[in-house]
Amino acid sequence: MSRRRRYLVPGAERGMQNFKADVMRNEGYSVNPARPDDVKFEVAKDLGVPLKPGDNGELSTEDAGHVGGKIGGSMVREMIRLAQEKLAKRDQP
């Protein structure tokens, strides 16, 4: 069953895809700017998870979580770093 997540802010999807591409590129992965979601296959390969295009019905929730966690965790760490940087600049005289 495929889910389609929608962003609350119109137009935010492109920005988030670009952010994901930048973060994963900084993590050392090659990212196709036209298809940033495809980085999940490279991440899965590095983690030893048998993710493939199309149906992955045999993939365990745990394995899928490892891939999503690697990508999402990297994005969250970068968002926190950016927020801390912004706060530090705001607090400077």
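The values are calculated or read from the model by the stated rules, or taken from the named source; none is laboratory data. Keep in mind that this is a model prediction, so the values were computed, not measured. So basically every Cβ, Gly included, is an ideal-geometry build from the backbone, and we count neighbours across all protein chains shown.
Close contacts from the range 3-21, counting a first residue that is small (Gly, Ala, Ser) and a second that is surrounded by fewer than 11 Cβ atoms within 10 Å (Cβ to Cβ) and modelled with pLDDT under 90, with Cβ to Cβ under 7 Å and a gap of 6+ residues or different chains, come to Ala21/Pro33. Scanning for something aliphatic (A, V, I, L, M), over 29 Å from Leu82 (Cα atoms) and at pLDDT 90 or above, does the range 33-56 turn up at least one residue? Yes: the range 33-56 contains one or more residues that are aliphatic (A, V, I, L, M), over 29 Å from Leu82 (Cα atoms) and at pLDDT 90 or above.
Would you please list the contacts, defined by Cβ atoms under 7 Å and residues six or more apart or on different chains, that run from a residue in the range 44-68 that is within 18 Å of Ser30 (Cβ to Cβ) to a residue that is among the small types (Gly, Ala, Ser) and surrounded by 10 or more Cβ atoms within 10 Å (Cβ to Cβ)? Going by the 7 Å Cβ cut-off, the qualifying pairs are Leu51/Ala44; Val67/Ala44.
Looking only at the range 22-43, residues that are of a type in the set (Phe, Trp, Tyr) and either free of Cβ contacts under 8 Å to residues at least 12 places away in the same chain or touching an Asp or Glu at 6+ places or on another chain (Cβ under 9 Å) (or both) come to 1 in all.
Within the range 16-63, the set of residues being surrounded by 17 or more Cβ atoms within 10 Å (Cβ to Cβ), among the β-branched types (Val, Ile, Thr) and not in a loop (DSSP other than H, G, I, E, B) comprises Val23, Val39, Val43.
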